[in-house]
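The structure appears below as C-alpha cells.
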Amino acid sequence: MELGFVTSNPRNYQSSAARKLPTSLQRLLSQVNQQRYEELYEENTTGTSLKDALQEILDGFRSLDQLRCHPRWIWMAVLLSLTAKPTVEAYLPNDNRPRIAIALMLMQLEDCHDATLIPKAIQEKIILPLREQIADSKISNDLTGSVHKHLCPSKLVDVLFPSLSEGCQALDESLDVLKNGLKALNQSDAQLALLSILEDCFEGYAIFPGTSERHKLLTWWLYEIVPAVWDFHLPQSFMTIRGVQTVETILESFIWEPSDTLFLLDLLH
C-alpha cells in the first residue's frame, strides 16, 4: 500500500507538527526513525530493538510531563483505535464494538481528565451525539453525566471481546488494539497496553496486512501521531487498510444507532 504523504525515503520525512515538540523528544523521534528494524522486516538492520525504541518514546512522555502523561496515553490509544477501526469493519461491517470501545475511551478522557483536551471535531461527531442519545434514553438515570465511575476496563474487555480469536490475523490484531485501548484506561496498565497496540500495528496486521511499507508506517506514527498526542489534536491523515484517509472520512463512520446506545447503557449498568 502506498503511503503517499511520506517521501520515498521515510528517514528523510519532515513534519511541521513535530517541530512544536520539546527538543529532546524531537531528537528522540529522529534517532528512532533513522534506525533499521528486524521487526519491520527491513534489511541491513542496526540491531536496535523496536520495542525498546518505542518504550523510550513513551517514557519520554512521562519524564517531560508526568501530570498529563496518562491522558496523552489514552489519546494515543484513541487515535490508534481509529486507525484500526476500518480493519475491523472490513471483516465485520456491522460490528458496533469499535464505535463503543472508542466512545468509552473518550468518555473516560473527558470525565476523568479534561474535556477541553478533546478536539472539537471529535466532540461534535462522536461524544455529543452519543450523550444526547443517552440523555434521551428512558433508562439513562445517572449516566447522563459522568460515566467514569461505571467503567471497569477488565469487565468491558471481557464483555466486548469474549473470543480469543476470530480466525483471521488482521481481524484479531485490530480487535486487540481496541481491547488494549480499554486496558489503557487504567493508569497502571496503560504503558504495557500501548506497547501491545504498537506491536499489533507495526509488526502485525492491525492497520494493513503484508510486510512492505512498515517503516513508512512507523514514520507516520512518529511524525503525525506523536505530535498529535502531545498537543491533543488530530493528525493530518490516518493510515488504514483502505489507504490514507482524511479525518473527515474516519469520523463520518460514527453514526450512532439506538441499539448502540442501549448496548452501551447495558454495559455501564
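The values are calculated or read from the model by the stated rules, or taken from the named source; none is laboratory data. In this text, all values refer to a predicted model and were calculated from it rather than measured experimentally. Every residue, glycine as well, gets a Cβ built from its backbone with ideal geometry; the counts of neighbours run over all protein chains shown.
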Looking only at the range 186-211, count every residue that is assigned to a loop (DSSP other than H, G, I, E, B) and either touching a residue at least 40 places away in the same chain (Cβ under 8 Å) or crowded, with 24+ Cβ neighbours inside 10 Å (or both) and tell me the total. 8
Determine whether Glu2 is assigned to a loop (DSSP other than H, G, I, E, B), loosely packed, with under 11 Cβ neighbours inside 10 Å and either of a type in the set (Lys, Arg) or at pLDDT 85 or above (or both). no
Exactly one of Glu224, Glu252, Glu257, Glu213 is among the charged types (D, E, K, R) and on the phi > 0 side of the Ramachandran plot, and that residue is Glu213
Of residues in the range 52-102 being of a type in the set (Asp, Glu) and assigned to a helix (DSSP H, G or I), the one surrounded by the most Cβ atoms within 10 Å (Cβ to Cβ): Glu89
Could you please give the count of residues in the range 212-255 that are part of a loop (DSSP other than H, G, I, E, B) and either touching a residue at least 12 places away in the same chain (Cβ under 8 Å) or within 23 Å of Asp172 (Cβ to Cβ) (or both)? 11
Verdict on Ile126 being crowded, with 21+ Cβ neighbours inside 10 Å, modelled with pLDDT of 95 or more and within 19 Å of the chain's Cα centre (by Cα): no
Within the range 171-213, of all residues that are modelled with pLDDT of 95 or more and among the β-branched types (Val, Ile, Thr), the one farthest from the chain's Cα centre (by Cα) is Ile207
Enumeration of residues in the range 253-269 that are farther than 14 Å from Pro98 by Cβ and not polar (S, T, N, Q): Pro258, Leu262, Leu265, Asp266, Leu267, Leu268, His269
